[in-house]
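What follows is a set of notes on a single structure, which appears directly below.
The values are calculated or read from the model by the stated rules, or taken from the named source; none is laboratory data. What you see is a predicted model, and the numbers here were worked out from it, not measured in a lab. Every residue, glycine as well, gets a Cβ built from its backbone with ideal geometry; the counts of neighbours run over all protein chains shown. All accessible areas refer to the heavy atoms of the entire protein, side chains included, with ligands and DNA or RNA removed. Shrake-Rupley method; radii C 1.70, N 1.55, O 1.52, S 1.80 Å.
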Amino acid sequence: MSEQKNGLTYAQAGVDIDAGNRLVDLIKPMVRSTRRPGADGEIGGFGGLFDLKAAGFTDPVLVAANDGVGTKLRVAIEAGRHDTVGIDLVAMCVNDLVVQGAEPLFFLDYFATGKLDPEQGAAIVSGIAEGCRQAGCALIGGETAEMPGMYAGDDYDLAGFAVGAAERGQLLPTDDICEGDVLLGIASSGLHSNGFSLVRRVVEHAGAGLDRPAPFDSGRTLGQALLEPTRIYVKPLLQAIRATHGIKALAHITGGGFPENIPRVMPASCAAELDLDTIHVPPVFSWLATAGGIAHAEMLRTFNCGIGMVVVVDGGQAAQVAAVLQQAGETVTPIGRVVPRRDAGVVYREHLDL
């Protein structure tokens, strides 16, 4: 077969296969660092393998979740910092698994960009690997897509896919949630990965620069503060679930805040009554509310406001569950109770200290 002189190549069309291979070589040690029982393969095959029996499960039910990082990526791109958004990607998926009582087993990522920079890609995957280590799950594969014409400049997008398992009969929520159960709040690490379209609008409105000191934290730039990674609650929650058998439900406080996420795990006859004055509100939220003139109700339905996870537990076991979580390094506060539902799924007492 004769060579076509001056013929176009894939690289000339904007896709660099050599750069993709370079990225794979850079991330192989990161992927190996996430190995766990059930997953010990190398990346590079056509699919990732996981052995449920080797992971210790007898009669498992699989639980799957997928998510992204949202427009927090725009902050990462503009700040030129890419090593933490991978943690966010993993967190948004695995926190949704553990609220159903499932142990995260493995994770896959999708990284799409207009022009592949292997070093930038490796920084992103380093965060993904760190998130997997924090969650105890294996990074068993993924996809890197270089798509010129789809993404402008340095833009990129991330998606994550996680699978976990629980033994049959041990899924959450339980069917015995009732009036008088206690709501424990576990502190967030900050904004997590929600509400960033509004955050970015506030930053623009306030004329704040990502490379300048944060108005609410002089020890960091605004970009560094806003990119604080989402907290991964998997290991402490699994420990509390297994040690106490007292957790009835968990609600991951993501987009939609308290009023959208807590009712998802409640029976139709019950509501959550929150004592807002018990919640410690981190300074970033107070700054957003003030600089953006954001109403109290809007803060509650957009952001986590300092509580990344809500735990529903029998009143008699609340202290035990809280103690296990605190010993695992979490900050835990009783923030309310389960009451009969009359109208809204979440009702409030007092106000947030913004």
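May I ask you to say which residue of 141, 195, 160, 185 is touching a Pro at 6+ places or on another chain (Cβ under 9 Å), touching a residue at least 60 places away in the same chain (Cβ under 8 Å) and under 24 Å from residue 95 (Cβ atoms)? Steps first, answer last, please.
Values: 141 fails: touching a Pro at 6+ places or on another chain (Cβ under 9 Å); 195 fails: touching a Pro at 6+ places or on another chain (Cβ under 9 Å); 160 fails: touching a Pro at 6+ places or on another chain (Cβ under 9 Å).
Every option except 185 fails the conditions.
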Taking region 193-220 and keeping only residues that are out of contact with any strand residue (DSSP E or B) (no Cβ under 6 Å at 6 or more places or on another chain), loosely packed, with under 15 Cβ neighbours inside 10 Å and not hydroxyl-bearing (Ser, Thr, Tyr), one is left with 201, 204, 205, 207, 209, 212, 219
Given the criteria without any contact (Cβ under 8 Å) to a residue 24 or more places away in the chain and open to solvent by less than 40 Å² (accessible area, probe 1.4 Å), does residue 238 qualify?
no
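On the given criteria, is residue 45 at positive phi, open to solvent by 10 Å² or more (accessible area, probe 1.4 Å) and touching a residue at least 12 places away in the same chain (Cβ under 8 Å)?
On the way: at positive phi: no; open to solvent by 10 Å² or more (accessible area, probe 1.4 Å): yes; touching a residue at least 12 places away in the same chain (Cβ under 8 Å): yes.
Considered against the rule, which asks whether it is at positive phi, open to solvent by 10 Å² or more (accessible area, probe 1.4 Å) and touching a residue at least 12 places away in the same chain (Cβ under 8 Å), residue 45 comes out as no.
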Quick check: is even one residue across region 67-86 in contact (Cβ under 8 Å) with a residue 60 or more places away in the chain, closer than 27 Å to residue 167 by Cβ and crowded, with 20+ Cβ neighbours inside 10 Å?
yes
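Condition check: modelled with pLDDT of 95 or more and either of a type in the set (D, E, K, R) or crowded, with 17+ Cβ neighbours inside 10 Å (or both). Does residue 117 satisfy that?
Details: modelled with pLDDT of 95 or more: no; either of a type in the set (D, E, K, R) or crowded, with 17+ Cβ neighbours inside 10 Å (or both): yes.
Here the answer is no, as residue 117 does not meet what is asked.
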Which numbered condition in (1) open to solvent by less than 50 Å² (accessible area, probe 1.4 Å); (2) part of a loop (DSSP other than H, G, I, E, B); (3) of a type outside the set (Lys, Arg) is the only one that residue 129 fails?
(2)
